[in-house]
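Worksheet: one structure, shown below.
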Amino acid sequence: MPNYVLSPPPVAALPIKGSDALFPVRRIFCVGRNYAEHAIEMGSDPTREPPFYFAKPADALVTSGADMPYPPASKQLHHEMELVVAIGVGGSNIAVGDALKHVWGYCAGLDMTRRDLQNEAKKTGRPWDMGKGFDHSAPMGALVPAAGIDVSKGLIELKVNGKVRQTSDLSKLIWSVPEVIANLSGLVELAPGDLIMTGTPENVAAVERGDLLEGVVEGVGTVTVKIV
């Protein structure tokens, strides 16, 4: 056994629907501005330019049903509802036609964002890490195995305190799930346990302490989190 000078941290993991097994999470990659209407509301051109990525640490996970603390150093915590892809078979330079063979499953997730910190970083040309990759910034629901799930279309929606905030369809992704996997695998070698958050629809907005967020991806599942 390795003789670590510190106790290794616990493995970040997602529950699997209908099972007591867990999916160990290695890395969390996120696709920026992958719905045209969201790109427009963020002040960007929604044309089909190459996708870009940012990351969250694996221990930013909040499993569905747990509370999310309102983060420090921010007064603009925004919700971003997303389809999450879980990689089960790694690889580099994966072909679009083979990409779905690398998927273990899917879940519903939230890319929570300290928008004020992100906006300040944009102005100064600095990284987004503290706006995106902070503690508890990735609430996610239970994973479902990929077999039989069609992520080329289907409702994606978020309610805050019972009222719809975001609603769209997976068919409106600028870059489809297979295209994202293929593109990202040309930049890094994907590995089992990697998660890919595929982008959010329009109408991202601020939440406050006490708000209840309930998201759904049709055919995949739900994510629920309360801001405390």
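The values are calculated or read from the model by the stated rules, or taken from the named source; none is laboratory data. As the structure is a prediction and not an experimental result, all values here were calculated from the model. Virtual Cβ from ideal backbone geometry, glycine too; neighbours counted across all protein chains shown. Surface accessibility is based on the protein's heavy atoms, side chains included, excluding ligands, DNA and RNA. Shrake-Rupley method; radii C 1.70, N 1.55, O 1.52, S 1.80 Å.
Between Asp45 and Asp116, the simple spin-label model (points 7 angstrom out along Cα→Cβ) gives 3.3 nm. Helical runs assigned H by DSSP (4 residues or longer) give the chain a calculated mean residue ellipticity at 222 nm of -3000 deg cm²/dmol, each run adding -39500 (n - 2.57) before division by the residue total. Database remark: amide H of Tyr70 closer than 5 angstrom to the amide H of Val228 (H placed geometrically; neighbours at sequence offset of 5 or more, or on other chains; Pro and chain starts carry no H). Structure note, pairs Lys75/Lys159; Lys56/Lys226; Lys123/Lys172; Lys56/Lys123; Lys17/Lys75: Cα-Cα distances above 25 angstrom occur for Lys123/Lys172; Lys17/Lys75.
The alpha-carbon atoms of the stretch 1-117 define a convex hull whose volume equals 188 cubic angstrom per residue. Couplings 3J(HN,Hα) of the stretch 117-129, computed from phi: 5, 5, 5, 5, 5, 4, 4, 9, x, 9, x, 8, 3 Hz, in residue order, whole Hz [Karplus 6.51 cos²θ - 1.76 cosθ + 1.60, θ = phi - 60°; x for Gly and Pro]. Taking every protein chain into account, the accessible area of the stretch 1-53 amounts to 69 square angstrom per residue (probe 1.4 Å).
Comparing Gly43, Gly32, Gly109 in a Gaussian network model of the chain, where Cα atoms under 10 Å apart are tied by springs, the biggest mean-square fluctuation is seen for Gly43. Shown in residue order for the stretch 44-53 are the 3J(HN,Hα) couplings computed by the Karplus curve 6.51 cos²θ - 1.76 cosθ + 1.60 at θ = phi - 60°: 10, 7, x, 5, 7, 7, x, x, 10, 9 Hz (x for Gly and Pro). Each Cα pair under 8 Å and six or more residues apart adds its sequence gap; the mean of these over the residue count of the chain is a relative contact order of 31 percent. Considering only Cα atoms, the convex hull volume of the stretch 1-63 works out to 169 Å³ per residue. Annotation for the stretch 1-50 versus the stretch 188-228: alpha-carbon center distance of 10 Å. Here the label points at Glu179 and Ala147, each 7 Å from Cα along the C-beta direction, are separated by 3.0 nm in the simple model.
Of the listed residues Arg48, Arg165, the order by accessible area with a 1.4 Å probe, largest first, is Arg48, Arg165. Report the far tail of the P(r) of the stretch 140-228, meaning the percent of Cα-Cα pairs longer than 16 Å. Percentage above 16 Å: 61. The phi torsions of the stretch 169-183, fed into the Karplus equation with coefficients 6.51, -1.76 and 1.60 and a -60° offset, translate into couplings of 9, 4, 5, 8, 4, 5, 10, 5, 4, x, 5, 5, 4, 4, 5 Hz, rounded to whole numbers, with Gly and Pro shown as x.
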